[in-house]
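Let me begin by presenting the structure, written as structure tokens, before commenting on it.
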Amino acid sequence: MKSMKLYTNVQRIHNELAALGIGPDAALRVDQLTPFDQYHYFGTDAVDEALEVLQLQPGSRVLDVGSGIGGPARYIAAKTGAHVTALELQPDLHEVARGLTARCGLSSRVEHVCGNILDGAVAENFDAIISFLCFLHIPDRAKLFSACRAALKPEGVMYIEDFGKSRALSADEAKALAVKVQCAGLPGRAEYETHLAEAGFPQVVTSDVTGAWKDFTASRLAMFRTARPRSIEVHGQEIVDDLDDFYGAVAQLFQDGAITGLKIIAR
Ligand SMILES: C[S@@+](CC[C@H](N)C(=O)[O-])C[C@H]1O[C@@H](n2cnc3c(N)ncnc32)[C@H](O)[C@@H]1O
């Protein structure tokens, strides 16, 4: 996983907080973190779109698969009063997430679990699953979707943001995807829907958001490069070079039409 440079130096959020004058043990508000803790596209706007679909209530039980440093989980818990189980594979991300959640006073509503969705790492009876840009790391979709189905109540709903296959890839594109994005292969839209149906999700609505994600990843890279001198002051050269490499690789894949963006609601 660490060949994907978004996932190296995940402590960097503490550099951003220090630059705002927020000390390492200070209490935090969720809105102070959201500029830095959403590892997907369009930040909390994307999470709000999911919330419109999910219609969560205080006390609803939500599983966030691949929760990163916990941004979406904290935002959902704070906004809706739902209880979120935030499942994250990588121990360093999990630890950063847990610390930030505690400092937001949200530990009773966001439970952080370090584990692999494929290993049955979570309980059952969730009302909803969300997963933002995680499934692209998991080639075994039969096992993945069967684990998700097992975690949900029968009337549950799953909201996914993911990459999809657009066309056959050149060797260089496949290598960039495999090494820099830790993505061994992707299904096309129709194949994705078949995998879900086979795992027990007969109702699937898919939207293609490739155009928006192509624009987002290009402008993220451009803004990052404009802000480079300030970023080097805050984080140091190595972190900035790592992020530039990652943002550049993803922007290029979208620019070249090598991958698609998908939002999927599966019931
Ligand atoms: C691009 S990040 C997105 C994080 C978060 N969803 C967000 O939007 O801020 C994807 C995360 O999925 C996690 N992940 C990948 N495979 C996983 C698995 N099999 N089980 C649990 N988490 C996984 C990665 O470690 C990574 O932190």
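The values are calculated or read from the model by the stated rules, or taken from the named source; none is laboratory data. Quick caveat: nothing in here was measured; it's all calculated off a predicted structure. Positions of Cβ are backbone-derived with ideal geometry, glycine not excepted, and every protein chain shown enters the neighbour counts. Just so you know, the surface numbers come from the protein's heavy atoms only, side chains and all, with ligands and any DNA or RNA stripped out. Shrake-Rupley method; radii C 1.70, N 1.55, O 1.52, S 1.80 Å.
Taking a ≥ b ≥ c as the square roots of the Cα gyration tensor eigenvalues, with a/c under 1.5 meaning rounded and otherwise prolate when a/b beats b/c, else oblate, which class fits the stretch 88-243?
Details: a/c = 2.03, a/b = 1.20, b/c = 1.69.
Note, shape of the stretch 88-243 comes out oblate.
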Can you list the residues, at least 5 places off or on another chain, whose amide H is less than 5 Å from the amide H of LEU63, using H built in the peptide plane?
THR85, ALA128, ILE129, ILE130
Here the stretch 74-86 yields Karplus 3J(HN,Hα) values (6.51, -1.76, 1.60; θ = phi - 60°; whole Hz; Gly and Pro given as x) of 5, 4, 5, 4, 5, 7, 10, x, 5, 9, 10, 9, 9
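To the nearest 20 Debye, how big is the dipole of the chain about its Cα centre, given +1 on the beta carbon of each Lys and Arg and -1 on that of each Asp and Glu? All intermediate terms of the calculation are to be shown ahead of the outcome.
Working: 26 positive and 34 negative charges, 16 e Å.
That gives a dipole near 80 debye.
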Under 17 Å from the Cα of LYS5 - lysines, other chains or at least 8 residues apart:
LYS175, LYS180
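Write down the accessible area per residue of the chain in Å², having rolled a 1.4 Å probe over the full set of protein chains.
Working: 11550 Å² over 267 residues.
Here the per-residue accessible area is 43 Å².
With a Förster radius of 35 Å, plug the Cβ-Cβ distance of ALA171 and ASN15 into 1/(1 + (r/R0)^6) and report the FRET value to the nearest 0.05.
0.45
Determine the calculated [θ] at 222 nm for the chain from helices alone, applying -39500 (n - 2.57) to every DSSP H run no shorter than 4 residues and normalising by the residue count; nearest 500 deg cm²/dmol. If you can, show how the numbers build up before the last one.
Numbers: 11 runs with 117 residues, N = 267.
Theoretical 222 nm ellipticity from helices: -13000 deg cm²/dmol.
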Calculate what fraction, in whole %, of the accessible area of the stretch 160-267 sits on carbon and sulfur atoms when a 1.4 Å probe is rolled over the protein chains.
54 percent
Filtering trypsin sites (Lys or Arg not before Pro) in the stretch 1-79 by DSSP loop and by at most 15 other Cβ atoms within 10 Å leaves LYS2, ARG29
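Calculate what fraction, in whole %, of the accessible area of the stretch 1-159 sits on carbon and sulfur atoms when a 1.4 Å probe is rolled over the protein chains. Spell out each step's value before the answer.
Values: 3240 of 6390 Å².
Of the solvent-accessible surface of the stretch 1-159, carbon and sulfur hold 51 percent.
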Express as a percent, rounded to the nearest 5, the fraction of DSSP beta bridges in the chain (both residues included) that run antiparallel.
40 percent
